[in-house]
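The values are calculated or read from the model by the stated rules, or taken from the named source; none is laboratory data. These figures come from a predicted structure and were not determined experimentally. Here the Cβ positions follow ideal geometry from the backbone for every residue, glycine too, while neighbour counts run over all protein chains shown.
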Amino acid sequence: MNDFPPDLPRLRTLETWLQLNLDRVRRQITDAEKREAEQQYGVEHRPPAPDWMLELSLGGRHPIQVHAGGCDMAGKRPRGVSREAALRALVEGVAACGHCRPDSELGFLDG
């Protein structure tokens, strides 16, 4: 059983339609490959997570909690800080995250 038209003009029309659609598919493939390459580049060139973070208040002016780097509980406003800044914040009374326990990692003994 033949699914194609029998005459040459309609076969040529079908050929043109298929070629146009094949070109569209190939453009979509090229675009998808570019997006994947850009995403992979971003993953490979992502800066390292900071060792210590301060979670900041809504206005971004006051630290709320100290976190170890990479802590999932750091909220939406974390700022990477040095070890010294994290220790200073703990000394000044900023709470340590109960999830990642940066005070233990820093060797900070309260009291």
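Computed values, structure above
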| quantity | calculated |
| --- | --- |
| Wholly within region 1-89, strands (runs of 3 or more DSSP E) carrying at least 3 residues that are closer than 30 Å to Asp103 by Cβ and among the hydrophobic types (A, V, I, L, M, F, W, C) | 52-56, 63-68 |
| One residue from Ala74, Ala49 being surrounded by 12 or more Cβ atoms within 10 Å (Cβ to Cβ), touching a His at 6+ places or on another chain (Cβ under 7 Å) and at pLDDT below 90 | Ala74 |
| From the options Gly75, Gly69, Gly80, residue that is under 25 Å from Glu105 (Cα atoms) and touching a residue at least 24 places away in the same chain (Cβ under 8 Å) | Gly80 |
